[in-house]
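Asker: Before I ask anything, here is the structure I am working with.
Just so it is clear, none of the values below were taken in a lab; they were calculated from the coordinates. It should be emphasised that the depicted structure is a prediction, and the values quoted were computed from it without experimental measurement. Here the Cβ is made from the backbone with ideal geometry for all residues, glycine too, and neighbour counts use every protein chain on show.
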Amino acid sequence: MIGVVAKGYGLYYDVFVDGVSYRCTLKGKMRTNRELLKYSDPVAVGDIVQIESVSEGMGVIAEIKKRKNVFSRKEKGKHSREDVIASNLDLVIIIQSFYRPRLNLRFVDRLVVRAKMDGIPVLGCFNKTDLATAEDGNYVHAYYERSGIDVLCTSAVTGRGLDELKAFARDKTSLLVGYSGSGKTSILNALFPGIELRVSDISGKTGKGRHTTTNVEMIEPQKGYRFIDTPGVREFGLIDLHPSELEAYFSEFSEARERCSFRPCTHDHEPDCEVQRMVEKGKIHPDRYLSYLYLLASLKEYYSRMYS
Ligand SMILES: Nc1nc2c(ncn2[C@@H]2O[C@H](COP(=O)(O)OP(=O)(O)O)[C@@H](O)[C@H]2O)c(=O)[nH]1
Ligand SMILES: [Mg+2]
Ligand SMILES: [Zn+2]
């Protein structure tokens, strides 16, 4: 039978086949598969798998089909393996709250680059509008205006923006990522009354939520909707990208780059740079440009340490 991996528990995995869940182990030879050794776990949520020896709700994963994409994390360190958060995605929904925890668009931008590196469309979902002002919302819209990233402002409390969010997610497998406490699980609960997933309490001091969603988990709350909820990501570094490749992931630079004197141009120190001119003219948001510069600097630093 062919199914999709919905959750992993270390040594076994839940696999959905036509809405029925099977608890599966991994066939022995798969654990030592060379191809899969570069990952911290050979199986990821979202993987399409062939299961065999099926009886009484149990089975064995015998094959993992080729992934069309992955949303993954790779940490610093030579031997660190790639941590695949989920695979075979149609949409990455980055959830951030305006407050508790506080907005951090540089963090969002790193997640955006990661998704785009695998060609996955991104939706920026800015939650807890009930705690925010109209200016907060305007700022986020202005920041991403020419980025090619869709932006939605939502509230799981008032229901604002949820119909639009649902429309975006229709007929897709969507990954929800963002800080713990930003409202990922609450949004799912508000979109699909009755599913009652567990929501975290926010700890008073930091405004960061506790990790209530402990595993990455796929749910199919309604026909046509497949969501993958994740525990919060706190840190999200980018390392497996050469500094010169970064600018291609900032769509607002695309029409300008043709008119830069230097090619390739990283748009930070080069003279006669059209991107810098567009920032000065207000056609590229200065904070978004700054976010690019920070990311560029961190990639440069990483590469100079690795290869010096
Ligand atoms: N005021 C407000 N609180 C929210 C909203 N969405 C979620 N919360 C609260 O934020 C906390 C964390 O929510 P949760 O869904 O567990 O976040 P997750 O860690 O991203 O899944 C909970 O106390 C929720 O009640 C919202 O839109 N507005
Ligand atoms: Mg959660
Ligand atoms: Zn330039």
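Asker: Say a site is exposed when it is one of the chymotrypsin sites (Phe, Trp or Tyr not before Pro), sits in a DSSP loop, and has at most 10 other Cβ atoms within 10 Å; what is then the longest site-free stretch of the chain?
Answerer: It works out to 10-306.
Asker: Another question, if that's okay. If you take the Cα atoms of region 247-286, find Rg, then find the Kirkwood Rh from the mean of 1/r over all pairs, what is Rg/Rh? Write out the running numbers ahead of the final one.
Answerer: Values: Rg = 8.9 Å, Rh = 9.9 Å.
Checking Rg against Rh, the ratio lands at 0.90.
Asker: Choose one answer from G137, G124, G19: the residue with the largest mean-square fluctuation in a GNM of the chain with alpha-carbon springs under 10 Å.
Answerer: Among G137, G124, G19, the largest GNM mean-square fluctuation belongs to G19.
Asker: Hey, another quick one. How much of the pair distance distribution for region 2-66 lies past 13 Å, counting alpha-carbon pairs only, in percent? Walk me through the numbers on the way to the answer.
Answerer: Numbers: 1185 of 2080 pairs.
Here the long-distance tail beyond 13 Å is 57 percent of all Cα pairs in region 2-66.
Asker: How much of the pair distance distribution for region 106-184 lies past 22 Å, counting alpha-carbon pairs only, in percent?
Answerer: Pairs farther apart than 22 Å: 22 percent.
Asker: So which cysteines of the chain have no other cysteine's Cβ under 4.7 Å from theirs?
Answerer: C24, C125, C153, C273
Asker: Follow-up question, since we're still on this one. Which percent of the Cα-Cα distances in region 34-151 go past 19 Å?
Answerer: 59 percent
Asker: Counting residues in region 135-277 as N, plug N into 2.2 N^0.38 Å and put the Cα Rg over that result.
Answerer: Cα Rg divided by the expected 2.2 N^0.38 Å: 1.33.
Asker: Would you mind pulling out the separation of the Cα centroids of region 107-166 and region 238-259, in Å?
Answerer: Cα centroid of region 107-166 versus Cα centroid of region 238-259: 21 Å apart.
Asker: Per the Kirkwood formula on distinct C-alpha pairs, the Rh of the chain is how many angstrom? Each step should come with its number before you reach the end.
Answerer: On the way: mean 1/r = 0.0481 Å⁻¹.
Answer for the chain: a Kirkwood hydrodynamic radius of 20.8 Å.
Asker: Using +1 at the Cβ of each Lys and Arg and -1 at the Cβ of each Asp and Glu in region 2-66, identify which of S40, I61, Y12 lies farthest towards the dipole's positive end.
Answerer: Projecting each Cα onto the dipole axis, the largest value belongs to S40.
Asker: Continuing with the same structure: Can you give the helix-only mean residue ellipticity at 222 nm for the chain, where every DSSP H stretch with n ≥ 4 adds -39500 (n - 2.57) and the sum goes over all residues, rounded to the nearest 500 deg cm²/dmol?
Answerer: So the helix-based figure for the chain works out to -7000 deg cm²/dmol.
Asker: Using Cβ contacts closer than 10 Å as the measure, can you line up T129, T32, T25 from fewest to most?
Answerer: Final ranking by Cβ density, sparse to dense: T32, T25, T129.
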